[in-house]
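Quick notes on the structure that follows.
The values are calculated or read from the model by the stated rules, or taken from the named source; none is laboratory data. In this text, all values refer to a predicted model and were calculated from it rather than measured experimentally. Here the Cβ positions follow ideal geometry from the backbone for every residue, glycine too, while neighbour counts run over all protein chains shown. Note: areas computed on protein heavy atoms with side chains; ligands, DNA, RNA excluded. Shrake-Rupley method; radii C 1.70, N 1.55, O 1.52, S 1.80 Å.
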Amino acid sequence: MSLASDLLEGLEARGWSLAVAESLTGGLVSAALVDVPGASSVLRGAVVAYATDLKGTLLDVDRGLLDARGAVDPDVAAAMAVGVRARLGADVGLATTGVAGPDPQDGKPPGTVHVAVSTPDGSTVRSLRLTGDRGLVRARSVEAVLALAVEILGRPG
């Protein structure tokens, strides 16, 4: 099974719902989830907050944090995951933020990525330095956030 299938099956077994907040992945995480038949039984929705100001207004990321550190930060990723859970009324929130490239952002080089998972038990962030072109960084970011969620929630069965 795919990571997306594993995650959705595990959430369904718990009776939990899912929401996704994406920046650099631009909807790829939610697309991977929606590709799985029956995703609607778990997935509540997704927010693509590509612009930094939208992370504050749509996901309730603290404006002071965004001003001080920029959008590419582990604490921003955690806040996005918490914010999307609250905004969309889900049990679990996933978030991606980072620099796909080719240019740096907020002083961070391409390939700098932070993914986060927020559950009723707390939030976990994984920071990555990915290599490859823009498409590969984005694809690996999707894989990383889904893998982190499966790791935290456990594989189904």
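Taking the mean number of other Cβ atoms within 10 Å as a proxy for protection, how do you rank 122-133, 104-115 from highest to lowest?
104-115, 122-133
To the nearest 20 debye, what is the magnitude of the charge dipole of the range 25-80 about its Cα centre, counting +1 on the Cβ of each Lys and Arg and -1 on the Cβ of each Asp and Glu?
I would put it at about 120 debye.
Excluding ligands, DNA and RNA, what is the solvent-accessible area per residue of the range 64-157 at a probe of 1.4 Å, expressed in Å²?
43
Of all accessible surface on the range 65-129 at a 1.4 Å probe, what whole percent is carbon and sulfur?
Whole-percent figure for carbon plus sulfur exposure: 48.
Please give the per residue accessible area of the range 1-55, computed with a probe of 1.4 Å over protein heavy atoms only, in Å².
Accessible area per residue, the range 1-55: 43 Å².
What does the highest-first list of 63-73, 87-97 look like by mean Cβ count within 10 Å?
Most protected by this proxy first, the peptides run 87-97, 63-73.
Using only alpha carbon pairs under 8 Å that are at least six residues apart, calculate the relative contact order of the chain and give it in whole percent.
Once divided by the residue count of the chain, the mean separation gives 26 percent.
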